[in-house]
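Visitor: What follows is a structure written as structure tokens; I'll ask about it next.
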Amino acid sequence: MSDTRADDRAAVRVLDLWRHRLGAVPEALWARTDWTTVVLAENDLTEVPPGFARMTALRTLDLGHNTLTRLPDDIGDLPALTDFLYVHDNRLRELPDTLGHLNRLRYLNAGDNPLTRLPDTLGHMTSLVELRAENCRLTTLPATLGGLRALRELHLRGNRLSNLPESAAHLADLRQLDLRGNALTEVPAAVAALPRLRHLDLRANHITHVPDWVAQLPRLEKLDLRWNAPSAAPHDLVDTLERRGCAVLR
């Protein structure tokens, strides 16, 4: 009779080196190519050498909380990377275009980096369910954003965005949109076409008027307008939303 516990351990194939302060990627990473999860967060890493393309079973990669200034191009050549990619809290000024090859990845966190742009290939990541690019230096988003048809959560707080691309209107499955702390002077027009949107966070922008069409968003449950112009939301619009059960904070 086989040892089920041993079989389970073999199936996991996890390399977890979180907060080991290694200073460099350890040789242990390259000792095998069948890792399913690799965690190298909080290790004072300044670079990651190429070689990830050999990790043909890798489903989760965590490179967060380091001091990386670039990612290797072959990070886009991970055919099994389907679960999570964390590259947040580094010193990345750009992400490689090859990231767009990860069309099975469901979660990407690239927040807390000095990013000034996201790659134009972003729209090829068609399996993304959650995208985080918070507290960066983004002033625009790629026109291909609308290609993320599976996206349910988009977190963009703490950037310098003044609008969303027109293609954002194609994010038909989006449920949560966080635009807190940007440079918006109006509610982006693309939001009007989001039939499943439930939570819309517009706090701490420069919005002076909320258009009537916001009351027509059929699934909206929470609208946060705090720290915009005090009169941004007309009373009749707020009343309409609250009567149907939507919480409006202003």
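Visitor: Consider segment 175-199. How many of its residues are open to solvent by 10 Å² or more (accessible area, probe 1.4 Å) and assigned to a helix (DSSP H, G or I)?
Guide: Residues in segment 175-199 being open to solvent by 10 Å² or more (accessible area, probe 1.4 Å) and assigned to a helix (DSSP H, G or I): 4 in total.
Visitor: Take segment 208-227 and flag every residue that is open to solvent by 30 Å² or more (accessible area, probe 1.4 Å) and β-branched (Val, Ile, Thr). I'd like the intermediate steps shown before the answer.
Guide: Of all residues in segment 208-227, those open to solvent by 30 Å² or more (accessible area, probe 1.4 Å) come to 208-209, 212-213, 216, 218-219, 221-222, 226-227.
Once the filter is applied, which keeps residues that are open to solvent by 30 Å² or more (accessible area, probe 1.4 Å) and β-branched (Val, Ile, Thr), segment 208-227 yields only 208.
Visitor: Among the residues in segment 200-207, are any acidic (Asp, Glu) and either more than 30 Å from residue 59 (Cβ to Cβ) or open to solvent by less than 40 Å² (accessible area, probe 1.4 Å) (or both)?
Guide: yes
Visitor: Shifting gears a bit: Among the candidates 76, 51, which residue alone is over 22 Å from residue 123 (Cα atoms), open to solvent by less than 70 Å² (accessible area, probe 1.4 Å) and either touching a helix residue (DSSP H, G or I) at 6+ places or on another chain (Cβ under 7 Å) or basic (Lys, Arg) (or both)?
Guide: One residue alone meets the criteria, 51.
Visitor: Which condition from (1) free of Cβ contacts under 8 Å to residues at least 40 places away in the same chain; (2) buried (at least 18 other Cβ atoms within 10 Å of the Cβ) is the one that residue 134 breaks?
Guide: (1)
Visitor: Moving on. Could you check, for segment 209-226, whether at least one of its residues is within 25 Å of residue 243 (Cβ to Cβ), touching a His at 6+ places or on another chain (Cβ under 7 Å), of a type outside the set (A, V, I, L, M) and in a loop (DSSP other than H, G, I, E, B)?
Guide: Yes, because at least one residue in segment 209-226 is within 25 Å of residue 243 (Cβ to Cβ), touching a His at 6+ places or on another chain (Cβ under 7 Å), of a type outside the set (A, V, I, L, M) and in a loop (DSSP other than H, G, I, E, B).
Visitor: Say we look at segment 106-118 and pick out the residues that are outside any strand (DSSP E or B) and touching an Asp or Glu at 6+ places or on another chain (Cβ under 8 Å); which of these is nearest to residue 48 (Cα to Cα)?
Guide: Going through the qualifying residues, I end up with 113.
Visitor: Do any strands (runs of 3 or more DSSP E) entirely within segment 1-74 hold 2 or more residues that are within 19 Å of residue 108 (Cβ to Cβ), modelled with pLDDT of 90 or more and aliphatic (A, V, I, L, M), and if so, which?
Guide: The strands (runs of 3 or more DSSP E) meeting that bar are 37-39.
Visitor: Collect the residues in segment 122-163 that are part of a loop (DSSP other than H, G, I, E, B) and in contact with a strand residue (DSSP E or B) (Cβ under 9 Å, 6 or more places away or on another chain), keeping them in residue-number order. Even if it seems obvious, please write down each step before you answer.
Guide: Restricting attention to segment 122-163, the residues satisfying the condition of being part of a loop (DSSP other than H, G, I, E, B) are 125-129, 133-142, 148-152, 156-163.
Hits for segment 122-163 are 125, 128, 129, 133, 134, 148, 151, 152, 156, 157.
Visitor: Continuing with this model, one more query. For segment 93-111, what are the residues that are within 14 Å of residue 127 (Cα to Cα) and open to solvent by less than 10 Å² (accessible area, probe 1.4 Å)?
Guide: Within segment 93-111, 99, 100, 102, 105, 108 meet the criteria.
Visitor: Select from segment 79-92 the residues that are crowded, with 17+ Cβ neighbours inside 10 Å, among the hydrophobic types (A, V, I, L, M, F, W, C) and in a loop (DSSP other than H, G, I, E, B) and list them in ascending order.
Guide: Residues satisfying the conditions are 81, 87, 92.
Residue-wise test of (1) farther than 14 Å from residue 59 by Cβ; (2) not acidic (Asp, Glu).
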residue: 87; (1), (2): yes, yes
residue: 94; (1), (2): yes, no
residue: 99; (1), (2): yes, yes
residue: 106; (1), (2): no, yes
residue: 112; (1), (2): yes, no
residue: 115; (1), (2): yes, yes
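The values are calculated or read from the model by the stated rules, or taken from the named source; none is laboratory data. Because the structure is a prediction, the values reported are computed rather than measured. Ideal geometry is used to build each Cβ from the backbone, glycine not excepted, and the neighbour counts take in all protein chains shown. Please note that ligands, DNA and RNA were not included when accessible areas were found on the heavy atoms of the full protein model with its side chains. Shrake-Rupley method; radii C 1.70, N 1.55, O 1.52, S 1.80 Å.
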